[in-house]
Every structure is written in structure tokens, then in C-alpha cells.
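Q: Please read through the structure below; I'll follow up with questions.
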Amino acid sequence: MTTSKVAIVMGSTSDQATMRLAADTLEGLGIETETRVLSAHRTPEALREWVDSLDGRGVRVVICGAGGAAHLAGAVAALTTLPVIGVPLVAPNAIAGGLDALLSTVQMPRGIPVATVAVGEPGAANAGILAAEILAIGDELRVFVARVDRFKRQIDFALADQPKNRARAR
């Protein structure tokens, strides 16, 4: 594991299964993660205290998953200069399969950037990859770069090896 960490926060315990994909992706790349459940609306003071402590604990990127109003990523981005990746999630009362969360996450005001990925499981996995790529920018030993490159090649190989893709290649 590395000394740089990625923090993963979600608005509800019901988001854990989806957000676990981000943690699994990062851990597979040898990147340490920490995970919390905090709400921008229900636990704003606890969220602020947690965000204030991130930098001192070696966290370099934050991944936020939330559905519905999906204000978590924006709330975190407003409190830190660390890169924030937002994962829109499908809430039980979601509109159009999570479109409400996607729009809430992507529409940040000027000065409060949130890198937003796809809705749900693909977004959570991609958030893990994006966080690793962000860490790779400052990786003078190129360890992260090699790990991310190898990971992406494995995905490419797996897709190319699917029967429907092999048939097209002929």
C-alpha cells in the first residue's frame, strides 16, 4: 500500500455496496482507502470536522457518493482544496434512474469543482481509476502509472475476449 490515501464518503449506509467498487478498485491498485458514511444534510458538523482532518492524515483525493439531492460532493469540495470526485447514485426516490443525482453533482458553481463520473456502479469503479490517475500525476517513481496502465490493459483484454467481440474482429 502507498502512503497517499483516498477517502471515500457516502451519504447513506445503503450506498455502501455501490461505493465498495471504488474501494476495491483502489485497493487492487495498492492504494490505501478510508471509508465513512456522513451526510451533507443530517451531519454537517461531523462532515466539516472529517474534511478538516483529511490533509493531515495523508488523504490526497476524496470520492463522494450520494443519490437524490446529491449535495455531498459539493459540500466536501466547498470545504477543501483536495480533488473531489462525485459519484451520482440511484436513490429509492430517484428521478430517471439517477438523473437527479447526476445533475446535482455535476452542476457546481464556479470555484467549487467536482469531477463527476457516471451514475452508479460504473461511476464508482471509474472514480477509483480516476483517483489513481490523479495520484499518478505526482508519482515521480511512476508506480501508480504502471499499476493503472496494467489495470486498464486487463479491462481491454477482458472486453476483447468476450465472444461477441471476438466474432466482430474476424
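The values are calculated or read from the model by the stated rules, or taken from the named source; none is laboratory data. If you're wondering where the values come from, they're calculated on a predicted model, not measured in any experiment. FYI the Cβ positions are ideal-geometry reconstructions off the backbone, even for glycines, and counts take in every protein chain you see.
Q: Checking the structure you have, find out if any residue of segment 85-93 is surrounded by fewer than 18 Cβ atoms within 10 Å (Cβ to Cβ), touching an Asp or Glu at 6+ places or on another chain (Cβ under 9 Å) and either at pLDDT 90 or above or not in a helix (DSSP H, G or I) (or both).
A: Yes: one or more hits.
Q: Kindly provide the set of residues from segment 109-122 that are free of Cβ contacts under 8 Å to residues at least 60 places away in the same chain, outside any strand (DSSP E or B) and either surrounded by fewer than 18 Cβ atoms within 10 Å (Cβ to Cβ) or touching a Leu at 6+ places or on another chain (Cβ under 8 Å) (or both), ordered by number.
A: Within segment 109-122, Pro109, Arg110, Gly111, Ile112, Pro113, Val117, Ala118, Val119, Pro122 qualify.
Q: I would also like to ask the following. Tell me, please, whether a residue that is over 20 Å from Thr33 (Cβ atoms), surrounded by 15 or more Cβ atoms within 10 Å (Cβ to Cβ) and polar (S, T, N, Q) can be found in segment 96-104.
A: yes
Q: Looking only at segment 7-14, decide whether some residue is assigned to a helix (DSSP H, G or I) and over 30 Å from Val143 (Cα atoms).
A: yes
Conditions tested, residue by residue: (1) touching a residue at least 24 places away in the same chain (Cβ under 8 Å); (2) over 12 Å from the mean Cα position of the chain (by Cα); (3) within 24 Å of Pro122 (Cβ to Cβ); (4) surrounded by fewer than 19 Cβ atoms within 10 Å (Cβ to Cβ).
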residue	(1), (2), (3), (4)
Val9	yes, no, yes, no
Ala17	no, yes, yes, yes
Gly28	yes, yes, yes, yes
Arg36	yes, yes, yes, yes
Ala46	no, yes, no, yes
